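Notes follow the structure.
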Amino acid sequence: MELSKQSPGHYRWVVCALIFFATTINYIDRQVIGLLKPTLEQEYNWTESDYGNIVMAFSAAYALGLLLFGRIVDKIGTKMGYTVSVLFWSIAAMLHAAVRSTVGFGAVRAFLGISEAGNFPTAIKATAEWFPKRERAFATGIFNSGTNIGAVIAPIVVPWMLGAFGWRSAFLWTGAIGFIWLIFWWIYYEVPERQKRLSKAEYDLIHSDNELQEPGVKKESVPWRKLLGIRQTYAFVFGKLLTDPIWWFFLFWLPSYFAEAYNIDLKKPNLHLVIVYTATTIGSVGGGFLSSYLIRKGWPVFRARKLSMLFFAIAVTPIMLAPNATNVWVAVGLISLAAGAHQAWSANIFTTVSDMFPKHAVSSVVGIGGMAGSIGGMLFPLLVGRLLDHYEALGNIVTGYNILFVICGFGYLIAWTIMHFLAPRMEQVKL
């Protein structure tokens, strides 16, 4: 490997920025349909169950995609893995503009789901390749905040596009952004062993506290059956299974909740959603910073992660009070706290994989756990859709949302407890 002779730099943060923008685009593309839901419901006569089925199509394909991409990225590497994923999800996002039926929406959502699934297995693997353990949660928090920035941008841009050019233009223009990102990815990204812009000092820092792979030596990916026999895998699986569906509920149903409960007009730029998703940005970066800060202070890695995640799980519980809020801004505050805590949780749970597993198995484990989260995300919308349809028929759809917020409030504490019993000290796996 040829390393530049420049002074120690911060090229790893350039990599983090690239992953951040990819994640931002990923969430802009997937959230467009939630913001256009009232318009599409009128055009295609959707019920809440119809919309739930469309979300389920995305979730099912996303679950399959996570499993496949986890294996693919461990084989072809992060550079090609991201390229394949972003190329196809951008095409899928743009294809929404060509749809003419409810079935067509289900099909393109499935295409979007399977291709967008490449984002997180690749991002987490790239973070493990480019950051020492004491920086990974912070780096993960930064790139994961792209999910929130995307969710902040979309409520501003999509309603404007809807009013000015129609709903099809929103899918076309947001989908096209991915092609621009691919240009920068190919120019600036390479793994540390082949990155000529990287200094020797930074290379040594990156590998200072984890396994160092010799140049030219490629470790074989680990079979799924072996990973599925390890309890640490199941700690991540249950952590994702019980909490990912809650985030998807926040993403796909919060716009319509504010419309139903507080008569918010979703055809205009929405300050309420902007505040909620801005809070998630703060939570993502702050959550990653907290555990990284504790590790720098000398805490054992497992204790810093566990305590941080418990704190964030507790911070979600006040969302159960949101339905009792008589003022929309009180509800916004409680939901913002929960959504921000979710992203803080997310920044840390992803990092637990690279804490417990070697780099050559990271994408596969992320794919397995991500698939579990997506299965939850596939089943939960069915419950959401039918529950809301039931209470809408009774003339009180807000009661349905009340029940859902109670489920959200307990989900993280249950997940944390299961993770703690499966991996109390987050012991490192030898493969």
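Worth pointing out:
- Residue-averaged 222 nm ellipticity for the chain, from DSSP H runs of 4+ at -39500 (n - 2.57), nearest 500: -27000 deg cm²/dmol
- Each residue of region 37-54 was assigned a 3J(HN,Hα) from its phi angle through the Karplus curve 6.51 cos²θ - 1.76 cosθ + 1.60 (θ = phi - 60°); the sequence is 3, x, 5, 6, 4, 5, 6, 10, 6, 6, 8, 4, 5, 4, 5, x, 5, 5 Hz, with glycine and proline shown as x.
- Taking 0.36 nm per residue of separation and subtracting the current Cα-Cα distance, fully stretching the chain between ALA393 and SER101 would add 102.6 nm.
- Within the assembled protein chains, the solvent-accessible surface assigned to HIS420 is about 70 Å², based on a 1.4 Å probe.
- Across q = 0.10, 0.16, 0.17 Å⁻¹, region 320-431 modelled as identical point scatterers on its alpha-carbon atoms has Debye log10 I(q)/I(0) values of -0.43, -0.90, -0.97, in the order of the q list.
- Inter-part distance where region 110-155 and region 329-404 are each reduced to a Cα centre, Å: 16
- Taken along the Cα-to-beta-carbon direction at a fixed 7 Å, the label points for ILE180 and ILE282 span 2.9 nm.
- Probe 1.4 Å, protein heavy atoms only - accessible area per residue of region 60-193 in square angstrom: 32
- Working note: Karplus 6.51/-1.76/1.60 with θ = phi - 60° gives region 271-286 the couplings 5, 4, 5, 4, 5, 4, 6, 5, 4, 5, 5, 4, x, 5, 5, x Hz, where Gly and Pro are set to x.
- When the chain is described by a simple charge dipole with +1 on each Lys and Arg Cβ and -1 on each Asp and Glu Cβ, the residue from ASN148, LEU422, SER336 located farthest towards its positive end is LEU422.
- Within the accessible area of the chain (1.4 Å probe), percent carbon and sulfur: 68
- Among ILE25, VAL222, THR122 - extreme Cα towards positive end, dipole of the chain, charges at beta-carbon: VAL222
- Sequence-separation-based contact order of the chain, relative, with Cα cut under 8 Å and 6+ spacing, percent: 28
- With both labels modelled 7 Å from their Cα along Cα-to-Cβ, the LEU205 to PHE165 distance reads 4.1 nm.
- Calculated over region 89-233, the projected area of the Cα convex hull averaged across directions stands at 12.3 nm².
- Calculated Rg and Dmax of region 367-431 using C-alpha coordinates, Å: 16.8, 57
- Annotation: peptides 25-33, 411-419, ranked by per-residue average of other Cβ atoms within 10 Å with the highest first, follow the order 25-33, 411-419.
- Of the trypsin sites (Lys or Arg not before Pro) in region 286-388, the ones in a loop by DSSP (not H, G, I, E or B) with at most 10 other beta carbons within 10 Å are LYS297.
- In nm, spacing of pseudo-spin labels at ALA325 and VAL14 (7 Å Cα→C-beta vector): 4.3
- Region 1-104, dipole about Cα centre (Lys/Arg Cβ +1, Asp/Glu Cβ -1), debye to the nearest 20: 500
- Net length gained if the chain between ARG231 and THR39 were fully extended (0.36 nm per residue, minus Cα distance): 64.5 nm
- Rolling a 1.4 Å probe over the protein heavy atoms gives region 280-431 an accessible area of 38 Å² per residue.
- Restricting the calculation to Cα atoms, region 1-109 yields a radius of gyration followed by a Dmax of 18.5, 63 Å.
- Pairs with C-alpha atoms separated by more than 27 Å, drawn from the list LYS200/LYS240; LYS133/LYS226; LYS133/LYS196, are LYS200/LYS240.
The values are calculated or read from the model by the stated rules, or taken from the named source; none is laboratory data. Since we're looking at a predicted model, the values are computed, not measured. Neighbour counts are summed over all protein chains in view; Cβ atoms, including those assigned to glycine, are modelled from backbone coordinates with ideal geometry. Just the protein is used for accessible areas: all its heavy atoms, side chains included, with ligands, DNA and RNA removed. Shrake-Rupley method; radii C 1.70, N 1.55, O 1.52, S 1.80 Å.
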